[in-house]
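This report refers to the structure that appears directly beneath it.
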Amino acid sequence: MQITEIQVDGYEKVVRCHDEESGLHALIAVHNTTLGPALGGMRMLPYVSEDEALFDVLRLSRGMTFKSAVAETGLGGGKSVIIGDPKELKSEALFLAMGRFVESLGGKYITAEDMNIGIEDLEVVKRETRWVTGLSRDSGSSGNPSPYTARGCFQGMRAVVEHAGLGTLKGTRVLLQGIGAVGGRLAVLLKEAGAHVTICDINEERASEMSREHGFDVVPDEGHAALECDIYAPCARGAGINDDTIPALRCKAVAGCANNQLLEPRHADELRSRGILYAPDYVLNAGGIINVSVELLPGGYEEVEALRRIDRIYDNLKLLFEISENENISTREAAQRLAESRLEEAGS
């Protein structure tokens with residue numbers, strides 16, 4: 001196994017791992033540990049190059065710093081990515097090697113579940129390192145974080161509809177893109193609250209299945225952003241809010257559970273100039289990391305305490321919308337200022 005460091009300004013530690021025997025090619029980025037050890041999920045994707053993977057892991061780890069700061073988890077920001085097709089490359093040897101890679105950071109980075117990585121994968125990782133969270137309840141851990149991420153997004157969307165002048169979720173038209181573990185659960189919660197939910201996904205079979213089971217309307221994924229709705233909820237991969245999609249949007253608000261929805265920070269200003277309310281993604285989708293963070297409290301994991309903290313996402317969004325209006329800045333900048341102020345307070 002070969003572990004080498006990548007120098008990146010503004011990041012505490014970025015490392016790559018090549019393990020010829022298992023086929024592992026992975027990156028770990030630790031952005032900031034001012035508030036505590038860096039916690040962030042592990043994802044596995046068939047990136048076309050290491051540069052693309054590095055771009056993703058850097059954005060994600062930085063987002064985790066701000067997410068934990070705003071949510072007051074007592075943790076820092078980090079992330080890990082495995083380069084490869086999960087349908088072809090997953091193996092016991094690969095995840096054992098990934099465990100050794102995580103262990104090499106000595107607890108500076110704590111991993112958890114993310115895209116294409118499940119509890120069964122993390123259980124193999126944990127055989128080589130103790131720095132793993134979000135395992136099964138049977139092991140005393142917090143379990144699958146996806147339902148808690150969805151719950152937090154739902155609570156935050158209550159604040160969004162209120163601030164956007166839509167009243168309540170009942171009758172609100174939501175276009176939800178990406179119906180995976182989190183997006184699919186969020187769609188169900190919204191429908192149960194009386195929202196009219198339209199879904200789309202690159203996996204058309206999955207969308208049809210969800211439609212049959214829950215009665216959602218379905219639209220093609222291609223060109224979906226142009227559909228008129230009250231709330232557009234991106235719940236798949238990031239960077240979907242960009243120069244191409246923003247002019248097509250016909251919504252009052254953007255609020256979804258995907259990470260890094262804005263391709264560039266300036267796109268928050270563009271949304272604002274068009275009168276579209278933006279719920280900063282790392283504030284809205286913090287439920288999973290909040291749930292996992294409760295594992296690290298002195299008394300261990302307690303779901304009641306986790307839910308209490310997750311439901312505060314509603315209050316955090318209300319606060320950010322107030323800051324945005326009072327200071328005449330975008331909600332993205334309001335969230336960043338709040339996160340940075342908490343980092344400065346902790347570091348002083």
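The values are calculated or read from the model by the stated rules, or taken from the named source; none is laboratory data. Note that the structure is predicted; figures quoted are calculated from it, not measured. In this analysis, Cβ positions are derived from the backbone assuming ideal geometry, glycine residues included, and neighbour counts consider all displayed protein chains.
Restricting attention to the range 199-209, does a residue exist that is surrounded by fewer than 20 Cβ atoms within 10 Å (Cβ to Cβ) and either outside the structural domain of residue 259 (by TED's automatic domain parsing) or within 28 Å of residue 292 (Cα to Cα) (or both)? Looking through the range 199-209, at least one residue is surrounded by fewer than 20 Cβ atoms within 10 Å (Cβ to Cβ) and either outside the structural domain of residue 259 (by TED's automatic domain parsing) or within 28 Å of residue 292 (Cα to Cα) (or both).
Exactly one residue among 31, 25 is closer than 30 Å to residue 305 by Cα and not in a loop (DSSP other than H, G, I, E, B), and that residue is 31.
Take the conditions (1) in the same structural domain as residue 186 (by TED's automatic domain parsing); (2) modelled with pLDDT of 95 or more; (3) closer than 16 Å to residue 77 by Cα; residue 290 misses just one of them, which is (1). Per the listing 104, 136, the residue uniquely small (Gly, Ala, Ser) and touching a residue at least 24 places away in the same chain (Cβ under 8 Å) is 104. Taking residues in the range 187-199 that are more than 19 Å from residue 220 (Cα to Cα), and partners anywhere that are buried (at least 18 other Cβ atoms within 10 Å of the Cβ) and polar (S, T, N, Q), the pairs with Cβ atoms closer than 7 Å and at least 6 places apart or on different chains are 195/172. Scanning the range 120-143 for residues that are closer than 30 Å to residue 317 by Cβ and surrounded by fewer than 20 Cβ atoms within 10 Å (Cβ to Cβ) yields a single hit, 137. Restricting 159, 93, 150 to residues that are part of a helix (DSSP H, G or I), in contact (Cβ under 8 Å) with a residue 40 or more places away in the chain and surrounded by fewer than 16 Cβ atoms within 10 Å (Cβ to Cβ) narrows the list to 93. Elements of the type strands (runs of 3 or more DSSP E) sitting completely within the range 166-267 and holding at least 2 residues that are over 21 Å from residue 331 (Cα atoms): these cover 173-177, 196-200.
For the range 98-119, the candidate set comprises residues that are more than 19 Å from the chain's Cα centre (by Cα) and crowded, with 24+ Cβ neighbours inside 10 Å; within that set, the residue that is nearest to residue 35 (Cα to Cα) is 102. Considering the range 102-121, the residues that are closer than 17 Å to residue 60 by Cβ and outside any loop (DSSP other than H, G, I, E, B) include one that is modelled with the lowest pLDDT, namely 113. For the range 34-58, name all the residues that are in a helix (DSSP H, G or I) and surrounded by 19 or more Cβ atoms within 10 Å (Cβ to Cβ). Listed by number, the residues that qualify are 53, 54, 56, 57, 58.
Of the residues examined, residue 297 is one that is free of Cβ contacts under 8 Å to residues at least 40 places away in the same chain and touching a helix residue (DSSP H, G or I) at 6+ places or on another chain (Cβ under 9 Å). Between a first residue in the range 42-63 that is within 16 Å of residue 116 (Cβ to Cβ) and a second residue that is of a type in the set (Asp, Glu) and modelled with pLDDT under 95, which pairs have beta carbons less than 6 Å apart while being 6 or more apart in sequence or on different chains? Final answer for the pair search is 42/114; 43/114. Across the range 293-314, the qualifying residues are those that are in a helix (DSSP H, G or I) and either within 18 Å of the chain's Cα centre (by Cα) or assigned by TED's automatic domain parsing to the domain that holds residue 270 (or both), and the one among them that is nearest to residue 163 (Cα to Cα) is 314.
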